[in-house]
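The values are calculated or read from the model by the stated rules, or taken from the named source; none is laboratory data. Worth saying up front: this structure is predicted, and the values here are computed from it rather than measured. Reconstructed Cβ throughout: ideal geometry from the backbone, glycine too, with neighbour counts over all protein chains shown. These area figures cover heavy atoms from the full protein model, side chains too; ligands, DNA and RNA do not enter into them. Shrake-Rupley method; radii C 1.70, N 1.55, O 1.52, S 1.80 Å.
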Amino acid sequence: MCGIVAYIGSKPARGLLLEGLKRLEYRGYDSAGVAMLNGGMHVARTMGRVSGLEELVHKDEQFNGTIGIAHTRWATHGEPSERNAHPQGDDAKNGYGIQVVHNGIIENYSSLKQYLKDKGHAFTSETDTEVLAHLIGELYDGDLETAVQSALREVTGAYAIAVLCEKEPDVMVVARKGSPLIVGVGKDEYVVSSDSSAIVAHTTQAFLLDDETVARLTRDSFRTTTVENVELTPEIQELEYTLEQIELGDFEHFMLKEIYEQPATLRICMQGRVDAVDGKIILGGVADFEEDLAKAKRVLLLGQGTALHAAMIGEYLFEGLAGIPTEVEFASEFRYRNPIVEEGTIAIAVSQSGETADTYAAIQEAKRRGAMTLGAVNVVGSTISRETDAGVYLRVGPEIGVASTKAFIGQVAVLTMLATYVGRRHHLAGEDMLDALNSLEQIPDHIETVLKQSDHILKVTRGVVNRDNWLFLGRGTNYPVALEGALKLKEISYIHAEGMPAAEMKHGPISLIDKGMPVVIVATKGSQYEKVIGNMEEVRSRGGHVIAVATEGDSEIQSHCDDVIFVPDVPEPLQPLLTVVPLQLIAYHAAVLRGKDVDKPRNLAKSVTVE
Ligand code: AGP
């Protein structure tokens with residue numbers, strides 16, 4: 001996914017656009033660019049970071065205008081390069097000085113490109129976005145809004161765009177379908193962005209563009225229509241995030257800030273929802289569907305990446321706490337299979353951004369096949385949250401670090417509350433409920449206890465950080481935690497790591513183990529503790545270096561491992577909310593020790609809005 005920010009008003013736009021791009025850089029950082037109208041159209045693009053673009057334009061008077069569009073890219077069509085950076089323009093020779101920034105994918109771009117080539121258009125990049133700019137130029141007849149509407153009726157795929165035209169120096173046109181776009185409403189000015197982080201510094205009033213909606217902005221007015229030119233009246237609402245929430249504060253990286261925010265965000269996530277006194281879970285977002293949930297025959301959990309790992313823990317929780325047959329699926333696989341969705345199926349989309357294309361399409365498919373759909377999503381008003389019948393927001397605040405941490409804790413907590421809520425309407429006894437809720441309420445304090453060991457975890461990590469292959473093992477609900485630990489390490493330190501059920505190791509991967517190979521094993525007290533100890537001994541007998549995550553007070557564990565990180569003792573179903581934290585910190589410290597860019601790891605983007 002990419003980041004778009006655009007401005008029309010009376011303030012000098014250059015600084016505002018560059019600041020906005022920096023806030024959006026976690027969405028993609030392959031290249032950056034800006035187009036500004038200021039006595040003509042001025043365009044600057046650069047390979048790599050926004051800082052490079054800043055160097056290009058910060059002294060250039062041409063970029064002193066009060067209307068501009070800007071972009072930071074995550075490459076899909078065409079390698080990262082200046083040529084493929086946005087903005088992309090229409091035909092240089094016969095065009096109208098149209099510039100477009102785009103987030104998404106124009107799926108039918110090659111047939112459109114051929115059609116335009118046959119009409120004499122000459123292209124300079126490999127991007128689908130340039131094709132859209134040329135198409136708008138081809139259809140331009142003196143009115144940019146109409147040309148954009150006509151062009152968008154020809155394209156298939158996903159788009160969030162901002163468009164300028166040299167012939168109309170006081171007009172900006174923006175539109176969206178599938179990819180997010182928010183219009184911030186100020187006094188005689190508009191700040192448009194892919195998410196609220198580039199808007200909240202300027203206004204907290206905004207409206208979200210719906211799918212296939214176009215907005216024409218001038219300095220003192222806006223008009224929204226469908227691509228068929230049907231006029232619309234958007235609802236202007238208060239933006240959810242505050243400026244300080246998206247600031248780094250005293251932390252070196254957003255990932256570390258978000259790891260340390262977990263106790264507080266988990267308290268907010270549970271606030272008003274967990275009543276450990278009366279043994280109740282209150283979930284306003286699904287209350288209207290209480291009957292459907294009580295009659296649920298099957299639960300389907302869908303997600304990608306870290307969200308999928310949280311969903312895998314959800315499978316244990318729904319079967320364990322609610323006694324309902326539950327499946328978890330890679331959304332990207334589910335959407336192309338011929339999934340059988342019987343009556344009484346509840347399909348839950350798990351997603352931080354609420355914009356992940358595969359998860360969005362999978363939940364649409366489940367809905368099309370008759371499932372009742374729920375969202376466990378963080379971003380309010382996101383595409384998935386608007387697609388599902390109901391849902392529970394994670395309320396963990398903006399997550400800016402590309403490697404997801406507090407959202408994982410939020411996703412597991414929401415699935416725990418949902419499973420308990422449904423369980424109470426199935427088989428879960430009152431007293432078990434009370435125990436579970438009392439323990440759940442103590443988790444934030446326990447996470448604080450684990451965070452106090454960061455220096456110890458740094459020491460443990462330093463001992464093995466030069467090893468290039470790691471294994472992560474766990475059993476039960478700690479198996480997905482092992483997967484998550486491996487993913488975090490891979491994402492930000494580029495160390496190859498594999499997570500798996502501890503018992504699976506003997507069926508092949510054990511051959512990887514040589515002297516000193518780091519093997520992180522989640523070995524907290526529980527129903528499979530003895531089995532895990534056995535697995536630890538299998539690893540050590542092959543010379544592996546065992547780092548154990550164990551339960552406070554476990555005096556035996558030290559004799560079975562090289563390093564141990566203790567976490568407070570909690571009931572087994574809740575252990576993932578604690579055992580994942582040391583693994584987040586191991587990954588963080590390893591990336592810092594290896595000098596990696598923790599918040600913007602190579603080749604990644606915060607959420608993947610394209611297939
Ligand atoms: C996790 O650290 C990654 N950023 C990635 O795996 C992410 O979890 C995945 O892309 C799903 O994103 P979502 O939760 O926004 O849907």
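How do the helices (runs of 4 or more DSSP H) wholly within the stretch 236-324 filter down when requiring 1 or more residues that are open to solvent by less than 50 Å² (accessible area, probe 1.4 Å) and over 29 Å from residue 597 (Cβ atoms): which remain?
262-270, 290-294, 305-317
Applying the selection to the stretch 382-397, what residues are under 30 Å from residue 252 (Cα atoms) and either open to solvent by 10 Å² or more (accessible area, probe 1.4 Å) or of a type in the set (Gly, Ala, Ser) (or both)?
If the condition is that a residue be under 30 Å from residue 252 (Cα atoms) and either open to solvent by 10 Å² or more (accessible area, probe 1.4 Å) or of a type in the set (Gly, Ala, Ser) (or both), then 382, 393, 395, 397 are the ones that fit.
Does residue 174 fit the bill of being open to solvent by less than 10 Å² (accessible area, probe 1.4 Å), outside any loop (DSSP other than H, G, I, E, B), of a type in the set (A, V, I, L, M, F, W, C) and at negative phi?
When the stated conditions are applied, residue 174 passes them.
Just to confirm my filter: which strands (runs of 3 or more DSSP E) fall fully inside the stretch 1-91 and include at least 3 residues that are among the small types (Gly, Ala, Ser)?
It comes to 31-37.
Quick one: how many residues across the stretch 378-406 are within 13 Å of the ligand (Cβ to nearest atom) and over 16 Å from residue 348 (Cα atoms)?
Result for the stretch 378-406: 10.
In this structure, is residue 597 within 16 Å of the ligand (Cβ to nearest atom) and among the acidic types (Asp, Glu)?
Criteria met by residue 597.
For (1) in contact (Cβ under 8 Å) with a residue 40 or more places away in the chain; (2) in a loop (DSSP other than H, G, I, E, B), each residue gets a yes or a no:
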{"site": "514", "(1), (2)": "no, yes"}
{"site": "522", "(1), (2)": "yes, no"}
{"site": "537", "(1), (2)": "no, no"}
{"site": "559", "(1), (2)": "no, no"}
{"site": "589", "(1), (2)": "yes, no"}
{"site": "601", "(1), (2)": "yes, yes"}
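Search the stretch 408-438 for residues being more than 24 Å from residue 344 (Cα to Cα) and open to solvent by 20 Å² or more (accessible area, probe 1.4 Å), and hand back the single one that is nearest to the ligand (Cβ to nearest atom).
Looking at residues that are more than 24 Å from residue 344 (Cα to Cα) and open to solvent by 20 Å² or more (accessible area, probe 1.4 Å), I get 436.
Give the stretch 458-499 a look and list any residue that's farther than 23 Å from residue 258 by Cβ, open to solvent by 10 Å² or more (accessible area, probe 1.4 Å) and not in a helix (DSSP H, G or I), or say none.
Passing the criteria: 463, 466, 467, 468, 469, 475, 476, 496, 498.
Being farther than 21 Å from residue 246 by Cα and in contact with an Asp or Glu (Cβ under 9 Å, 6 or more places away or on another chain) narrows it down to one of 158, 201, 162, so name that one.
From the options 158, 201, 162, the qualifying one is 158.
Quickly run through the stretch 305-350 and pick out the residues that are among the polar types (S, T, N, Q), touching a Phe, Trp or Tyr at 6+ places or on another chain (Cβ under 8 Å) and within 12 Å of the ligand (Cβ to nearest atom).
Hit for the stretch 305-350 is 306, nothing else.
State yes or no: is residue 289 under 25 Å from residue 579 (Cα atoms), more than 16 Å from the ligand (Cβ to nearest atom), in contact (Cβ under 8 Å) with a residue 60 or more places away in the chain and not small (Gly, Ala, Ser)?
No; evaluated as a whole, the condition is false for this residue.
Please work out which one of (1) free of Cβ contacts under 8 Å to residues at least 40 places away in the same chain; (2) surrounded by 15 or more Cβ atoms within 10 Å (Cβ to Cβ); (3) farther than 18 Å from residue 380 by Cα; (4) in contact with a Ser or Thr (Cβ under 9 Å, 6 or more places away or on another chain) is the condition residue 206 fails and give its number.
Against the list (1) free of Cβ contacts under 8 Å to residues at least 40 places away in the same chain; (2) surrounded by 15 or more Cβ atoms within 10 Å (Cβ to Cβ); (3) farther than 18 Å from residue 380 by Cα; (4) in contact with a Ser or Thr (Cβ under 9 Å, 6 or more places away or on another chain), residue 206 comes up short only on (3).
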